[in-house]
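A short reminder: the numbers here are calculations on the coordinates, not readings from a lab. The structure presented is a predicted model; accordingly, all values stated were derived computationally and were not measured. Methodologically, a virtual Cβ is constructed for each residue, glycine included, from the backbone with ideal geometry; neighbour enumeration extends over all protein chains shown.
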Amino acid sequence: MTQEKLPHHSHGLSEIEQRVKNLENLLVEKGLVNPQAMDELVDTYEHRVGPQNGARVVARAWVDPEYRQRLLSSATDAIMEMGYKGRQGEHMQAVENTDEVHNMVVCTLCSCYPWPVLGLPPTWYKASSYRARAVSEPRAVLAEFGVELDPQKEVRVWDSTSEIRYLVLPQRPENTENLSEEQLADLVNRDSMIGVALADSPEINQKERK
Ligand code: FE
């Protein structure tokens with residue numbers, strides 16, 4: 001179908017949302033999917049599977065050096081230890097940010113993303129501009145996300161595939177020595193695990209909660 005032939009929708013749904021809706025209605029009508037099962041699936045990815053899972057993995061790695069080692073050497077198993085597994089998380093690799101290296105993740109082909117630890121990908125992750133520019137000019141993209149790196153720091157860009165999904169292990173913020181694992185997890189935002197943000201500092205996090 002060409003762009004011109006697509007009907008114009010003026011009732012609040014985007015073209016793609018309308019197409020999804022039509023497809024969903026058709027599948028239900030034909031008895032191919034059960035609407036309850038569909039709602040369950042949506043609920044799973046909206047509420048139960050999301051970046052809070054990845055944040056717990058990161059916080060554990062920050063407080064437990066042996067867990068960090070396991071995460072870096074065999075991420076799929078280490079993540080499964082915390083109870084997170086499933087579709088699009090079968091082959092995980094964790095990449096660690098250090099004083100020398102900053103990692104960021106993209107899928108140049110489509111939108112491969114580690115669902116069990118991060119949930120569903122944000123819209124910008126699927127946009128062609130991010131997919132192209134993350135590779136061609138990663139520092140410019142990072143700057144647009146508000147991340148200014150030391151020019152000495154190496155930026156490594158990891159291209160996700162249907163085979164491997166990446167989780168960035170952000171650097172632990174300063175002045176967090178006294179925080180519990182749970183409080184640390186609160187500092188780990190989604191974007192920091194994609195590598196387009198840093199983990200929150202405890203002060204910023206305090207402000208945002210008010
Ligand atoms: Fe992809």
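The table that follows gives values for the structure above.
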read-out	value
Shape call, segment 51-209: gyration tensor on alpha carbons, a/c limit 1.5	oblate
Förster-model FRET efficiency, 41 Å R0, T98 and V42, C-beta, rounded to 0.05	0.60
The chain: most fluctuating residue of A132, A78, A197 per GNM, C-alpha cutoff 10 Å	A132
Relative contact order of segment 57-134, pairs being alpha-carbon contacts under 8 Å that are 6 or more residues apart, as %	23
Counting DSSP beta bridges with both ends in the chain, the antiparallel % (nearest 5)	0
For the chain, calculated [θ]222 nm from helices alone, where every DSSP H run of n ≥ 4 adds -39500 (n - 2.57)	-12000 deg cm²/dmol
10 Å beta-carbon shell around L179, net charge (K/R +1, D/E -1)	-3
Gyration tensor verdict on segment 79-169 (Cα atoms; rounded if a/c is under 1.5, prolate if a/b is larger than b/c, oblate otherwise)	oblate
Free-standing Cys, the chain [no other Cys Cβ under 4.7 Å]	C110
Net charge, S162 excluded, C-beta distance under 13 Å - Lys, Arg +1, Asp, Glu -1	-1
Cross-link partners of K126 among aspartates and glutamates (Cα-Cα below 19 Å; sequence separation of 8 or more within a chain)	E15, E17, E46, E137, E144, D159, E163, D191
Relative contact order, percent, segment 51-209 [alpha-carbon distance under 8 Å, six or more residues apart]	30
Relative contact order computed over segment 25-90 (Cα-Cα under 8 Å; 6+ residues apart), in percent	16
Amide proton proximity set for L167, modelled H, under 5 Å, gap of 5+	Q93, A94, V95
Residue order, fewest to most surrounding Cβ atoms within 10 angstrom, among T44, T76	T44, T76
12 Å beta-carbon shell around P35, net charge (K/R +1, D/E -1)	-4
